[in-house]
Amino acid sequence: GDSVTQTEGLVTLTEGLPVMLNCTYQTIYSNPFLFWYVQHLNESPRLLLKSFTDNKRTEHQGFHATLHKSSSSFHLQKSSAQLSDSALYYCALSEFNYNVLYFGSGTKLTVEP
Amino acid sequence: GALVYQYPRRTICKSGTSMRMECQAVGFQATSVAWYRQSPQKTFELIALSTVNSAIKYEQNFTQEKFPISHPNLSFSSMTVLNAYLEDRGLYLCGARGGQDTQYFGPGTRLLVL
């Protein structure tokens with residue numbers, strides 16, 4: 001079945017340094033949709049980025065990610081971390097009909113001054 | 001815009017009792033509603049997918065007998081947690097999708113079991 005792997009459970013960074021959160025996936029579908037959701041404390045997850053186009057960079061709120069089907073990856077990046085970026089980040093995959101999402105285990109990002 | 005409401009936001013129930021939670025889509029027609037559970041310190045697990053005019057599909061480890069779902073129209077869905085025990089605690093999210101290419105999540109119902 002479909003699965004999403006986020007290798008880092010916890011990432012701690014100093015403000016101003018670049019962010020990279022890893023996401024790889026497995027699916028039998030040739031055209032998966034990949035998402036990044038951000039969840040702040042006591043809130044529901046909020047969509048940050050999404051993509052279904054191979055090798056095309058997608059950006060939002062300073063974050064960017066590129067879906068690489070050759071390596072089944074959709075890593076999240078940001079050039080300079082801000083304190084307000086501290087949150088849980090979930091990578092998720094959907095099949096063609098977007099009805100359900102399969103979430104990775106999540107990465108807790110903590111940005112320190 | 002598209003919004004999803006969930007009620008209640010937080011609930012406490014005694015071990016062995018049941019509780020019902022609701023999900024309402026506003027501003028769009030929810031042709032499908034997926035229910036997820038986030039257990040403490042864990043990720044989101046898909047419980048079931050409910051699509052109007054189709055049978056509800058439950059994921060492995062989740063059953064209709066334990067989590068019956070109702071999806072009577074394009075704006076409303078409800079799920080009941082029957083005989084709740086400690087392992088059922090967590091944040092229950094509904095994700096509703098209409099014609100757009102993404103799911104909109106409600107704020108969740110946080111279930112505490114005593």
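Remarks
- Test: residue in segment A:46-61 that is within 23 Å of B:E45 (Cβ to Cβ), open to solvent by less than 20 Å² (accessible area, probe 1.4 Å) and within 14 Å of chain B (Cβ to nearest Cβ): yes
- Filter pass, A:L101 being buried (at least 21 other Cβ atoms within 10 Å of the Cβ) and within 12 Å of another protein chain (Cβ to nearest Cβ): yes
- Test: residue in segment A:90-97 that is within 12 Å of another protein chain (Cβ to nearest Cβ), surrounded by 14 or more Cβ atoms within 10 Å (Cβ to Cβ) and farther than 23 Å from B:T31 by Cβ: yes
- Taken over segment B:78-113, the criterion of being in a strand (DSSP E or B) and within 13 Å of chain A (Cβ to nearest Cβ) is satisfied by B:G90, B:L91, B:Y92, B:L93, B:C94, B:G95, B:A96, B:R97, B:Y104, B:F105, B:T109, B:R110.
- Within segment B:21-43, the set of residues being open to solvent by 10 Å² or more (accessible area, probe 1.4 Å) and under 12 Å from the mean Cα position of the chain (by Cα) comprises B:E22, B:Q24, B:R37, B:Q38.
- Index of the failed condition, A:V19 passing every other in (1) open to solvent by less than 50 Å² (accessible area, probe 1.4 Å); (2) within 12 Å of chain B (Cβ to nearest Cβ): (2)
- Pick from segment A:22-45, criterion buried (at least 16 other Cβ atoms within 10 Å of the Cβ) and of a type in the set (S, T, Y), ranking: nearest to the other protein chains (Cβ to nearest Cβ): A:S44
The values are calculated or read from the model by the stated rules, or taken from the named source; none is laboratory data. Please read all numbers here as calculations on a predicted model, not as lab measurements. Don't worry about glycine lacking a Cβ; one is built from the backbone with ideal geometry, like all the others, and counts go over all protein chains shown. The area values use the complete protein model at the heavy-atom level, side chains included, leaving out ligands, DNA and RNA. Shrake-Rupley method; radii C 1.70, N 1.55, O 1.52, S 1.80 Å.
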